[in-house]
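Below you'll find the structure, written out as structure tokens, and then a few comments.
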Amino acid sequence: MDLPEYAIEARGLTKTYAATKTTPEMQALKGIDLAIPRGSIFGLLGPNGAGKSTFINILAGLCQKTAGEVLIWGRDIDHRPRDARAAIGVVPQEIAADPFFTPKESMEVAAGMYAVPKSERRTDELLAALGLSDKANAYVRQLSGGMKRRLMVAKAMVHNPPVLILDEPTAGVDVELRKQLWNYVLELNRKGVTIVLTTHYLEEAQELCDQIAIVNRGQVVVCEPTATLLQRMDTRMVLVTPDQPLAAAPALAGFETKLLKAGGFSVTYRTGQSSVEQVLAAVRAAGLHIKDISTEDPDLEDVFVSLTSANSVAA
Ligand code: ADP
């Protein structure tokens, strides 16, 4: 079988939630075009209410789109809904686990729902991969929050889908567990599984995702490889420690300066307009002697804020 170039493709996807007695009509997706490359770890970021869950729910078949086209693994969700859904595993945001099943039973039920033949089930392998082997026969209600979440990932993989969607998978999960979960996700990706995730932890997205789409008010504001996205920020900062601590930030012509805690200061410049050389020349021209300098690159947080606040698209 030919593999599709894109794991997921959406064209002109819109979703309007009808008005209710208490809420007005809500256009949650306003013509989304997205192409998620096969084999990538793709981050879907955006502020609350941006439309991320709506998008994921449409992929998962939990929400009816209003218009537009969606292909999952090359299969149109309107024309081949079952084939399309067989290609994705979705880990929902909310932990929904039956307290009266053991993880092993819970996995078997999930496999049954996807009609995975008994001989092809990988219950033990998946539980082991997510560090749940010793809890395989415990009741789900006896598991910690982190364990339940890992069980949800295992359940989403029972039918061995080529695409795994994780909606805020590490929200409320402690650092240790988060790392464990990410290691498993990275391992799956190395094995060829395309990963789509939404997260609030921008640092995490920056580290893990090859490509990032930022969604705001139902529209894709930007969709680029992570490195390209970071290069968009053309501000850089030089942190200067003078030989004598300062009481106030020095005024440097053409640059913005700020006093730092230990009597040092930061100088912000734009890469298109100035260079570190010019910053240093300005510092020396102000009669200051430099003991040490370092530079700081912008991170995804800066990009995110600049794209979703000041320049955000009007509703
Ligand atoms: P996100 O996941 O990015 O936080 P959502 O997709 O949950 O965003 O929500 C997008 C918009 O759609 C929000 O304004 C939200 O209030 C609205 N919305 C989400 N679900 C429903 C629903 N079932 N009925 C009506 N409005 C909804």
Just give me the residues in the stretch 3-31 being in contact (Cβ under 8 Å) with a residue 24 or more places away in the chain, more than 9 Å from the ligand (Cβ to nearest atom) and open to solvent by 80 Å² or more (accessible area, probe 1.4 Å), in sequence order. LEU3, GLU5, ARG11
Looking at the stretch 32-64, which of the residues that are modelled with pLDDT of 95 or more and open to solvent by 30 Å² or more (accessible area, probe 1.4 Å) is nearest to the ligand (Cβ to nearest atom)? GLN64
Got at least one residue in the stretch 65-74 being away from the ligand (no atom under 15 Å from the Cβ), assigned to a loop (DSSP other than H, G, I, E, B) and surrounded by 19 or more Cβ atoms within 10 Å (Cβ to Cβ)? yes
Taking the stretch 249-296 and keeping residues without any contact (Cβ under 8 Å) to a residue 40 or more places away in the chain, of a type outside the set (A, V, I, L, M, F, W, C) and assigned to a loop (DSSP other than H, G, I, E, B) leaves PRO250, GLY254, LYS261, GLY263, GLY264, THR271, GLY272, GLN273, SER274, SER275, GLY287
Give the number of residues within the stretch 169-218 that are aliphatic (A, V, I, L, M), assigned to a helix (DSSP H, G or I) and open to solvent by 10 Å² or more (accessible area, probe 1.4 Å). 6
Would you mind telling me which numbered condition in (1) within 31 Å of the chain's Cα centre (by Cα); (2) surrounded by 15 or more Cβ atoms within 10 Å (Cβ to Cβ) VAL240 fails? (1)
List pairs: first residue in the stretch 156-174 and within 16 Å of the ligand (Cβ to nearest atom), second residue of a type in the set (Phe, Trp, Tyr) anywhere in the structure, Cβ distance under 9 angstrom, at least six positions apart or on different chains. PRO169/TRP182; THR170/TRP182; THR170/TYR201; ALA171/TYR201
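The values are calculated or read from the model by the stated rules, or taken from the named source; none is laboratory data. These numbers come from a predicted model, not from an experiment. Reconstructed Cβ throughout: ideal geometry from the backbone, glycine too, with neighbour counts over all protein chains shown. These accessible areas exclude ligands, DNA and RNA; they are computed on the full protein's heavy atoms, side chains included. Shrake-Rupley method; radii C 1.70, N 1.55, O 1.52, S 1.80 Å.
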